[in-house]
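Visitor: Just passing along the structure, written as structure tokens.
What follows draws every value from the coordinates through simple rules; no lab data is involved. The shown structure was predicted, so the numbers you read here are calculated from the model rather than taken from an experiment. Note that we place each Cβ from the backbone using ideal geometry, even for glycine, and neighbour counts take in every protein chain shown.
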Ligand code: GLN
């Protein structure tokens, strides 16, 4: 079979060469196992390219380059449908597919590390993960700790209450109430500013919603898309029409890792332009 170096393979090699020396690890090694971490290898186009190359037999230069090709480790919290969630033994969702597409664009392999949401930034800062993709809202505070890519989604924070709740009809009505949030999220941060409110922090957004169904709390502040999923899965809940805020989701990298950030931004731009990004979103979110 005739040896062909595709544009993707070439781009892959260049990306791999420029990324050598960053925090990504050689393709052969697997990510460090942390106790809470669960890892899922996602087969990417990059892997397929690699396989095809191996089958075709590589030129010396190509072989040398592919040794530098790394694995991008994505830190996430897979409790956030439709962006990242468990489906059987797999972690799937919009962020996972966007990240896989980015890795493929960059010619890198790709792994998902599932950890607590408030561990994602420390994991990226320490270099154990290359980037965080977790429906993560860009905030000024977080920008002190990590660098953010261009935004890939606009999101909202919404309020969930019991369907028969006549008391809470808008964000203003949350004063003095007991509010459930997911620990370390923007919902948690906003809730802490509400006068006289009692804040109950849960490790998973779903646990906050469960507490609401059990009448342990009055409301939940959470991102709009997971809210829709959780309300659909639990009877007797509603989302208030008036959203709490609008925010932007982006991917975070270690401060100063401009090579990776530039690669991610270039990949996001090309995914937007080709319509691939919208296709991924449409697969998980049905337009109303
Ligand atoms: N968008 C929210 C935040 O960034 C929640 C993200 C999440 O729970 N995965 O804080």
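Visitor: Only one of 104, 100 is under 12 Å from the mean Cα position of the chain (by Cα) and over 22 Å from residue 202 (Cα atoms). Can you tell me which?
Guide: On the way: 104 fails: under 12 Å from the mean Cα position of the chain (by Cα).
The unique qualifying residue is 100.
Visitor: Is it true that residue 216 is surrounded by fewer than 20 Cβ atoms within 10 Å (Cβ to Cβ), on the phi < 0 side of the Ramachandran plot, over 16 Å from the mean Cα position of the chain (by Cα) and assigned to a loop (DSSP other than H, G, I, E, B)?
Guide: Numbers: surrounded by fewer than 20 Cβ atoms within 10 Å (Cβ to Cβ): yes; on the phi < 0 side of the Ramachandran plot: yes; over 16 Å from the mean Cα position of the chain (by Cα): yes; assigned to a loop (DSSP other than H, G, I, E, B): yes.
Considered against the rule, which asks whether it is surrounded by fewer than 20 Cβ atoms within 10 Å (Cβ to Cβ), on the phi < 0 side of the Ramachandran plot, over 16 Å from the mean Cα position of the chain (by Cα) and assigned to a loop (DSSP other than H, G, I, E, B), residue 216 comes out as yes.
Residue-by-condition table, conditions (1) part of a helix (DSSP H, G or I); (2) buried (at least 21 other Cβ atoms within 10 Å of the Cβ):
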{"position": "105", "(1), (2)": "yes, yes"}
{"position": "122", "(1), (2)": "yes, no"}
{"position": "125", "(1), (2)": "yes, no"}
{"position": "135", "(1), (2)": "no, yes"}
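Visitor: Every residue in the range 253-288 that is free of Cβ contacts under 8 Å to residues at least 40 places away in the same chain and on the phi > 0 side of the Ramachandran plot, please.
Guide: 275
Visitor: Restricting attention to the range 76-93, does a residue exist that is outside any loop (DSSP other than H, G, I, E, B), more than 16 Å from the ligand (Cβ to nearest atom) and farther than 23 Å from residue 208 by Cα?
Guide: So far as the range 76-93 goes, yes, one or more of its residues are outside any loop (DSSP other than H, G, I, E, B), more than 16 Å from the ligand (Cβ to nearest atom) and farther than 23 Å from residue 208 by Cα.
Visitor: Is it the case, given these coordinates, that residue 129 is within 16 Å of the chain's Cα centre (by Cα), in a loop (DSSP other than H, G, I, E, B), buried (at least 18 other Cβ atoms within 10 Å of the Cβ) and away from the ligand (no atom under 14 Å from the Cβ)? First the steps, then the outcome.
Guide: Working: within 16 Å of the chain's Cα centre (by Cα): yes; in a loop (DSSP other than H, G, I, E, B): yes; buried (at least 18 other Cβ atoms within 10 Å of the Cβ): yes; away from the ligand (no atom under 14 Å from the Cβ): yes.
Judged against the criteria, residue 129 is a match.
Visitor: Every residue in the range 255-280 that is outside any helix (DSSP H, G or I) and closer than 15 Å to residue 72 by Cβ, please. If you could, list the steps in order and put the result at the bottom.
Guide: Of the range 255-280, the ones outside any helix (DSSP H, G or I) are 255-257, 275.
Correct list: 257 only.
Visitor: Just need a number here: residues in the range 239-259 that are under 28 Å from residue 193 (Cα atoms) and exposed (fewer than 14 other Cβ atoms within 10 Å of the Cβ).
Guide: 3
Visitor: If you scan the range 148-173, which residues turn out to be crowded, with 20+ Cβ neighbours inside 10 Å and either closer than 18 Å to residue 72 by Cα or within 10 Å of the ligand (Cβ to nearest atom) (or both)?
Guide: Scanning the range 148-173 gives 148, 149, 155, 157.
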